[in-house]
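Before any comments, here is the structure.
The values are calculated or read from the model by the stated rules, or taken from the named source; none is laboratory data. Everything quoted here is computed from the prediction, not taken from an experiment. Cβ placement follows ideal geometry from the backbone for every residue including glycine, while neighbour counts extend to all protein chains displayed. Just so you know, the surface numbers come from the protein's heavy atoms only, side chains and all, with ligands and any DNA or RNA stripped out. Shrake-Rupley method; radii C 1.70, N 1.55, O 1.52, S 1.80 Å.
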Amino acid sequence: MSTTIAAPPLAAGVAQSVTSGSVTVPGHVAIIMDGNGRWAKARGLPRIAGHREGSRAVRRTVEAAIQSGVSWLTIYAFSSENWRRPLGEILDLTGLLRRYLRSEVAELKQAGVRLRFIGDRARFDPDIQKDLEVAERDTIANSRLNLTIALSYGARAEIAAAARAAIAAVQAGTLDAADLGEESFSRFLATAGMPDPDLIIRTSGEQRLSNFLLWQAAYAELIFLDVFWPDFSDAHFSAALREFAGRERRFGARKD
Ligand code: FPP
């Protein structure tokens with residue numbers, strides 16, 4: 001039986017799980033894809049091999065999300081802190097991103113996926129920035145799955161930028177400071193117009209959010225899995241959705 005209970009009205013942008021029959025499917029799943037390096041190390045392979053295999057896991061997961069009826073999938077592919085990695089690894093990761101954008105977008109478009117990117121894209125090479133723009137534009141009419149890829153993303157920077165934008169709106173006279181609340185503030189975030197994640201999954205056994213969607217995660221269910229990202233399969237995805245369906249979400253309200 002579904003454990004979904006009546007919740008008090010929440011501001012726009014809040015989580016949107018859907019109850020169908022007795023199963024509650026999270027409307028928005030976000031994933032911290034962790035463990036590529038350890039996966040490679042365990043096999044005596046270079047880290048790039050882990051990232052390459054991780055890229056295949058992204059493909060499987062997009063497929064699994066579509067099959068499961070999840071409408072929003074957000075993946076953390078490159079954090080603002082990842083720029084501190086050795087140059088060789090940064091080049092490997094940006095190279096993989098370039099290949100992903102050039103080889104997968106047509107197929108994603110065909111499958112009804114709408115792509116969005118959040119994060120500081122200005123830090124990427126101009127050709128990648130162009131590919132990001134084209135991918136967003138080419139898939140704008142799709143709605144089967146909303147796939148958001150966080151790139152050079154950090155939640156604290158996102159919140160600080162939103163605060164600056166809100167201040168600018170007040171100074172320009174388009175926003176009354178007294179009207180700035182949770183809902184109006186969230187419209188200044190990179191995720192404006194997106195529902196909050198219902199479920200955040202992190203692989204590799206680490207149990208933290210690492211600067212990912214800190215504002216949006218307020219009521220997300222968290223699932224930490226002891227599997228390295230390259231080994232993440234549709235079976236792991238389905239198991240996480242089953243665990244989510246069994247959770248009781250109260251959004252701070254009382255049960256009775
Ligand atoms: C964390 O593993 C993963 C990353 C920093 C990058 C994630 C990238 C991919 C899954 C592949 C590329 C994705 C796209 C969308 C093209 P880690 O390197 O921190 O692993 P470790 O903690 O075991 O060292």
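Here Arg202 clears all of (1) farther than 12 Å from Ile32 by Cα; (2) within 13 Å of the chain's Cα centre (by Cα) except the condition numbered (1). Among the residues of the stretch 220-246, those that are out of contact with any His (no Cβ under 9 Å at 6 or more places or on another chain), open to solvent by less than 50 Å² (accessible area, probe 1.4 Å) and of a type in the set (A, V, I, L, M) comprise Ile223, Ala239, Ala240, Leu241, Ala245.
Determine, yes or no, whether Ala150 is without any contact (Cβ under 8 Å) to a residue 60 or more places away in the chain and either open to solvent by less than 50 Å² (accessible area, probe 1.4 Å) or part of a loop (DSSP other than H, G, I, E, B) (or both). Answer is no for this residue.
Residues in the stretch 207-251 that are over 24 Å from Ala160 (Cβ atoms), touching a residue at least 40 places away in the same chain (Cβ under 8 Å) and small (Gly, Ala, Ser): 5 in all. Only residues that are in contact with a Gly (Cβ under 7 Å, 6 or more places away or on another chain) and either away from the ligand (no atom under 11 Å from the Cβ) or more than 19 Å from Thr94 (Cα to Cα) (or both) were counted across the stretch 39-69, and they come to 1. A residue that is free of Cβ contacts under 8 Å to residues at least 24 places away in the same chain and either closer than 30 Å to Ala160 by Cα or in contact with a His (Cβ under 6 Å, 6 or more places away or on another chain) (or both) can be found somewhere in the stretch 94-105. Evaluate the stretch 116-131: report whether one residue or more is in contact (Cβ under 8 Å) with a residue 24 or more places away in the chain and farther than 23 Å from Gly95 by Cβ. Looking for residues that are in contact (Cβ under 8 Å) with a residue 24 or more places away in the chain and farther than 23 Å from Gly95 by Cβ, one finds none in the stretch 116-131, hence no. Apart from one condition, Gly54 fits all of (1) over 19 Å from the mean Cα position of the chain (by Cα); (2) closer than 19 Å to Ile32 by Cβ; the exception is (1). Note on the stretch 18-37: residues that are modelled with pLDDT of 95 or more and either over 22 Å from the mean Cα position of the chain (by Cα) or more than 16 Å from the ligand (Cβ to nearest atom) (or both) total 4. For the stretch 176-219, the candidate set comprises residues that are farther than 20 Å from Ala57 by Cα and charged (D, E, K, R); within that set, the residue that is least open to solvent (accessible area, probe 1.4 Å) is Asp198.
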